[in-house]
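Only one structure is covered here, and it is reproduced in the block below.
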There are 2 protein chains.
Amino acid sequence: MDLVLTKNAEQLKPAERITPVDHLTELVRDDLTGVNELIVARMSSSVPMIPAVAGYLINAGGKRLRPLITLASAKMCGYTGTDHIKLAATVEFIHTATLLHDDVVDESDLRRGLASANTLWGNQASVLVGDYLFSRSFNLMVEVGNIKILDILSNASSVIAEGEVMQLASTADLNTKLDTYLEIISSKTAALFEAAARVGGVVAGVDKPQEGALIEFGKNLGIAFQLVDDALDYSGKQAALGKTIGDDFREGKITMPVVLAFEKGDEQEKVFWKRVIEADKQEDGDLERAIELMANHRALDATMDLAKDYGRKARLALKELPENAYRDALDGIINFSIERDY
Amino acid sequence: MDLVLTKNAEQLKPAERITPVDHLTELVRDDLTGVNELIVARMSSSVPMIPAVAGYLINAGGKRLRPLITLASAKMCGYTGTDHIKLAATVEFIHTATLLHDDVVDESDLRRGLASANTLWGNQASVLVGDYLFSRSFNLMVEVGNIKILDILSNASSVIAEGEVMQLASTADLNTKLDTYLEIISSKTAALFEAAARVGGVVAGVDKPQEGALIEFGKNLGIAFQLVDDALDYSGKQAALGKTIGDDFREGKITMPVVLAFEKGDEQEKVFWKRVIEADKQEDGDLERAIELMANHRALDATMDLAKDYGRKARLALKELPENAYRDALDGIINFSIERDY
């Protein structure tokens, strides 16, 4: 194995800008190094296509947010062992497997500004290497040998898959209501944040109330994170950084800003949304028009307000947990998730 | 849930013809009913697309061979509990998830003579419902709560996925040698037969030598089963039943008869194989020509001879295990796997 996990250009930020993710990364540096080494070791295979495809995605500018949450949760709760490293790698493998399959399902050409794995290796490789990573995540958690943790992570996997199917079933369906959409993202995105935080506490042996607090923290952070993702795709903040916007729009994805703008739109606007999202017939200028309608109805602001609500819930839950540097760093992650512009 | 698991027309055989699979099914009838009920219960979801897609495949004429092996292995080894039912359902879920993803990867239109799930619901649904079933298989085995069994099944899942990627990497590659091909089918097919037999014994608490015998039995049976599948796709036996042949050929799949016929072919024949398999340029009459070349080089007979060798190894392993009606029935499954014409 000569694969090295490095940050790529996507991740480089101006040197003076230290984000809460950088801070948390620094705080658990040794453990995170352990996670990265384990990831490289466990995505290896005598079949060269596996580390090629998996490594491409795993190296491609991820922030390692989910494994960072597992590491910090365990440390916050006083854990002194090493199993949290395996659990953090497990969580990253589940996440990566999901990304590989998502790109196939969404027929995405790009992922974080780079060609997606399915563009480079084909859908077939993405499906099968995703399966491999999912199996490997499962091997890793079995090694930890804690039935309660296995139960949490296997349930999270089912909920994620169910959320993905739910999203597929409402693809381009403008009748998707706010509640349904929140249910979809609670499953497909927040379930893994929730499990990531929870298993960190469970491996440290927390009591029931603290476990409940970790669940609330992770779930609400995950929902906030996804809502901000949704808003950024239409946001001037992201455009100002020179990043592409409108990826979700071009894929005809139902996201929170679309749900809100459609709901508030008049008949003429509904015709527009039906053409661009349901009929998937987009023309030049449609993205600009969508952003204008969102602005008129404050759909992006409302999405961000919702994200802030969930962020507050996550912060409240965090207060129930041991006060220390790890908790402060996790609190910073809530801020980051909401204030980020990428 | 009003889904009922029934045999469909595909499975109906002349009434007088009782196969060893029927015999084993009868022997473990109550347990198999339990497996079928559990499958229906666990593939349910509030997302209607999930039971629709999963149920379609699970009802579509499968013989339940793998869960039958788990049930019979457990009983043969004296198991009196009920966990073998969960394990048998687990094995069937892993198998079904693999079939769903296989059809996407192979771009198959048909599965057991019926439209494949991806043809009816699309590749996206097949990928995601496959993920759901795989997660559910994982839930089920966690419920059994036996770390050794979790280890066996999670490793089997990794090996299967690795075998699938290995097969993808050698798609249409006529340089695939006999040993490489055996390695592929040992992983993608035989690993699940092996795990199915092994966990039946482990749940019953067998000793190391018996566990080893179950591994040998399952692995060799799985390899034999796949080789017979390969041969049947070009076989007059299957054609005589009015079943389609040449599915593998039309998909340009490398299977054992192709490996053997290519290896023994002269230059002119190699040109033919390169056109139809590597370049995927097939014309009318090519299937007939392929079958003729296989006949000239005894490629189908040699494939069947190999299958019989593996069948003998499976039978030898079975002799190390407790002698009872279940063992006899499993012995019958070896015969069936080799002598079947469908």
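Each value in this text was obtained by applying a stated rule to the coordinates, not by laboratory testing. Worth saying up front: this structure is predicted, and the values here are computed from it rather than measured. Quick reminder, even Gly has a Cβ in these numbers, built from the backbone with ideal geometry, and neighbours come from all protein chains shown.
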Mean separation of Cα contacts under 8 Å, 6 or more apart, over the residue count of the stretch B:19-145: relative contact order % = 29 percent
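Show that you can apply the helix-only estimate: for the protein assembly as shown, add -39,500 (n - 2.57) for every DSSP H stretch of four or more residues, divide by all residues, and state [θ] at 222 nm to the nearest 500.
On the way: 36 runs with 472 residues, N = 684.
Taking each H run of at least 4 residues, the total per residue is -22000 deg cm²/dmol.
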Restraint check, A:Lys86/B:Lys253; B:Lys219/B:Lys281; A:Lys177/A:Lys219, Cα-Cα greater than 27 Å = A:Lys86/B:Lys253; B:Lys219/B:Lys281
Assuming R0 = 51 Å, what is the FRET efficiency of A:Asp328 and B:Lys208, from their Cβ-Cβ distance, to the nearest 0.05?
-> 0.50
How do A:85-91, B:166-172, A:263-269, B:95-101 rank on mean C-beta neighbours within 10 Å, highest first?
-> A:85-91, B:95-101, B:166-172, A:263-269
Treating only Lys and Arg (+1) and Asp and Glu (-1) as charged, each at its beta carbon, one finds that the protein assembly as shown has a dipole about its Cα centre, in Debye to the nearest 20, of 1340 debye
Can you figure out the FRET efficiency of A:Asp173 with A:Gln268, using R₀ = 22 Å and their beta-carbon distance, to the nearest 0.05?
-> 0.60
The stretch B:19-145: mean projected area of Cα convex hull, nm² | 7.9 nm²
For the stretch B:29-70, the percent of all C-alpha pairs falling in each 10 Å bin, from 0 up to the bin holding the max distance, is 27, 53, 19, 0
Cβ-vector label at 7 Å, A:Glu26, separations to other copies in nm | 7.5
Run through the other copies and list how far each one's label point is from that of B:Pro48, in nm with one decimal, shortest first; the point sits 7 Å from Cα along Cα-Cβ.
-> 4.9
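Mind sorting A:Tyr326, B:Tyr234, A:Tyr56 by how few other Cβ atoms lie within 10 Å of their own Cβ, fewest first?
Numbers: A:Tyr326 22, B:Tyr234 25, A:Tyr56 19.
Neighbour counts put them in this order, fewest first: A:Tyr56, A:Tyr326, B:Tyr234.
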Across the identical copies, how the A:Lys177 labels are spaced - nm, sorted shortest first, 7 Å along Cα→Cβ | 6.4
Across 10 Å bins from 0, what is the distribution of all Cα-Cα pair distances for chain A, in whole percents?
-> 6, 25, 35, 25, 9, 1, 0
